[in-house]
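Everything on this sheet refers to the single structure shown next.
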Amino acid sequence: MNKIERAIELHSAYIEKLSAGFLNGALEGELTGFISLSDSTISIPGISEEFSQKLAKSVDKLKTFEEKYGDEIFRTSELIAKLPELKNLLTNFELWRHEAFHGVQKHAYRSVFTLVDSIQSIESWEIYIFFMIASSGGKWRLGENFLSVLRDIDADLNERIAGLISRDCRVVLEAISERDNGLGILHLIEGQAFIASRFSVGLLDVLPTPASPIYTKAWSLFNEKGGREPIVFIILAGAALRYGNISSDPDSVFKDLYPHPVDIFNFLVNFAGDFENIYRKLQENAEHELASKRSSFINRKQRPFSTRSHILMDLLDHGNKKNLHDLFVESLLEAIRKSGIKPTDSARDTTSYVRKEYSEEFEDPDDEIEQEEIEERHHQNVHSAFEPMNIGAHASPDRENIIKVILEFSRITSCVLECIYTRLATSMKDDFADAENKKIADAVAADYIRRFPYYYTEEMIIRVIFDQKSINSLFGYFFTYLHDYVKVKTFLSAPEVTHKEYIFLRLMPDAVKKFLIQYRWTNPDFKRVNFVDEPRHPPRPYCCREHGMVPIDQDPSFIDGCQSEDGVGQLIHGLFQRTLMDMFE
């Protein structure tokens, strides 16, 4: 099979997967939210021109409720159930938080960024191919793949393009493929965002569970293993995404050097109850400390363990001077050892990444060197992720206390992983300092870190859940700011365009792809790929601001007939003097 045919085969599988319901956004209430993997912007298609005014009014109403009920409005399901208007407000806020959380995941977790970067690279080449075909009068044949047109033009150039697209398609397909327990990385990405956003506005037990397993499959597994606490799930899924890795080069001999995020999660979830026990002890210890500070009238001599909860006494041996952090790490490691459950290792002995059990004395000098390297990685991975943001207290004192507890729990989880694995993905810190090539993923990241310099930290993740000021800034950034202030290139030899212009450029090949895939899905002559846990949602290309993402059948005339100046049909006609319908034969 030559390079072009191989690229067509891989791209067909890639398009089928990403058109089968994955990454289409979360449906909450009456609105559907999307964060584009192509351009990193949040959109809520179909919103009215008065959306900004409605949003401002919603924020004012929410402030009124918060002044009356305090933080309890985000925690008391009974209160939400009694106040329909509050429930509707929080449902919309959940949607915005969900999509903004994806933006944070993309820049905090290396595995997520690698996935997104490959998808954006594929779509940059799709724009390039679209312009070649559209400007030369070429057409796509119904029933064929978007890349099939490469067969008809310059072979040398197209084989090079085909090779690059094949590489990125393989990265995506290998990353999202289902592993043990039927989980893929998308289940972790969407599962963490879903639980974080619903929990943050108190709706986890109020709204019905989504039908799509992409949001709930990882959470369901966590429940099956005895887990109940949303924060523990969020931290375990986050640790898997942060410290797991997917290779950006599927042909590299080093591609199996790091554990896959799904393998890490599948291992950690076996000990959901043990992690929850530690989290409860941290909570109770923090509550005890807070109560001790507030109860200044109590004589200090009458308060044994004034900085430690009595529930921790079972962990403390007389004369043991270790701090609680170390005791909790050791407690979890002991539970793991006793279980006999081993983490999944590399398929090759030469790239093993599961840490050996060491005796007190190193028999081999190389083992001692390896141990020193592990400690260095511990410093890089754990300590950089937990560098303080130093932004002062944004939230209420109670919430700041919760953030502190969760940070400590997350640090303990990270230290446990460092004791189990010899290699974990490195921190994203300093990764985006230079983005001269202006490729879309790097260009957005370079601007993002200027606005949010602590993008790589665990505190950033946690504040998106508990700190309203943080979430407002993030949502505004992805929803509006990017459009006018970030310059990007569709591909390296292209001139710079604004982010808003890039969005419209990518919508043209996106429409062609979606009509091609819908034709295959509705034509009985073509083989249909079977997806285990995702229903086929009709592909929805973008039409215009008024119509948003529109359902399609085999006829693209609706988009051609739309007279909106910001419509894709008008854009195609203005650039190429052709209709979308004319792009097919």
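The values are calculated or read from the model by the stated rules, or taken from the named source; none is laboratory data. If you're wondering where the values come from, they're calculated on a predicted model, not measured in any experiment. Note that each Cβ is placed from the backbone with ideal geometry, even for glycine, and that neighbours are counted across all protein chains shown. With ligands, DNA and RNA removed, areas are computed over all heavy atoms of the protein, side chains included. Shrake-Rupley method; radii C 1.70, N 1.55, O 1.52, S 1.80 Å.
Return the pairs, sorted by first residue and then second, in which the second residue is among the small types (Gly, Ala, Ser), the first residue lies in the range 129-145 and is open to solvent by 50 Å² or more (accessible area, probe 1.4 Å), the beta carbons are less than 7 Å apart, and the residues are 6+ apart or on different chains.
Note: pairs meeting the criteria are ARG141/SER148.
Could you list, in sequence order, all residues of the range 540-570 that are open to solvent by 50 Å² or more (accessible area, probe 1.4 Å) and either modelled with pLDDT of 90 or more or assigned to a loop (DSSP other than H, G, I, E, B) (or both)? Lay out the reasoning, then the answer.
Taking the range 540-570 as the starting set, the residues that turn out to be open to solvent by 50 Å² or more (accessible area, probe 1.4 Å) are 540, 545-547, 551, 553-555, 557-558, 563, 565, 570.
Matches in the range 540-570: ARG540, ARG545, GLU546, HIS547, PRO551, ASP553, GLN554, ASP555, GLN563, GLU565, GLN570.
In the range 202-223, is there at least one residue being modelled with pLDDT of 95 or more and either assigned to a loop (DSSP other than H, G, I, E, B) or open to solvent by less than 10 Å² (accessible area, probe 1.4 Å) (or both)?
Yes: the range 202-223 contains one or more residues that are modelled with pLDDT of 95 or more and either assigned to a loop (DSSP other than H, G, I, E, B) or open to solvent by less than 10 Å² (accessible area, probe 1.4 Å) (or both).
If you take the residues in the range 351-374 that are under 31 Å from the mean Cα position of the chain (by Cα) and part of a helix (DSSP H, G or I), which one is modelled with the lowest pLDDT?
ILE374
Which ones in the range 150-165 are open to solvent by 10 Å² or more (accessible area, probe 1.4 Å), among the hydrophobic types (A, V, I, L, M, F, W, C) and assigned to a helix (DSSP H, G or I)? Steps first, answer last, please.
Quick first cut of the range 150-165, residues open to solvent by 10 Å² or more (accessible area, probe 1.4 Å) only: 151-157, 159-160, 163-164.
Filter once more, so that each one left must be among the hydrophobic types (A, V, I, L, M, F, W, C): 153, 155, 157, 164.
Correct list: ALA155, LEU157, LEU164.
Can you report the number of residues in the range 492-522 which are outside any helix (DSSP H, G or I) and either under 16 Å from VAL149 (Cα atoms) or within 25 Å of the chain's Cα centre (by Cα) (or both)?
Residues that pass the stated criteria total 1.
Scan ILE420, ILE462 and give me the residue that is more than 19 Å from the chain's Cα centre (by Cα) and modelled with pLDDT of 85 or more.
Values: ILE462 fails: more than 19 Å from the chain's Cα centre (by Cα).
Exactly one residue qualifies, and that residue is ILE420.
May I ask you to list the residues in the range 476-491 that are open to solvent by 20 Å² or more (accessible area, probe 1.4 Å), assigned to a helix (DSSP H, G or I) and not β-branched (Val, Ile, Thr)?
Listed by number, the residues that qualify are GLY476, PHE479, TYR481, HIS483, ASP484, TYR485.
Of all residues in the range 572-582 being among the hydrophobic types (A, V, I, L, M, F, W, C) and either at pLDDT below 90 or within 22 Å of LEU142 (Cα to Cα) (or both), which is most open to solvent (accessible area, probe 1.4 Å)? Working first, answer last.
Keep residues of the range 572-582 that are among the hydrophobic types (A, V, I, L, M, F, W, C), which gives 572, 575-576, 580-581.
Still in the list and also either at pLDDT below 90 or within 22 Å of LEU142 (Cα to Cα) (or both): 572, 576, 580-581.
Working: ILE572: 0, PHE576: 28, LEU580: 0, MET581: 85 Å².
Among them, the one singled out is MET581.
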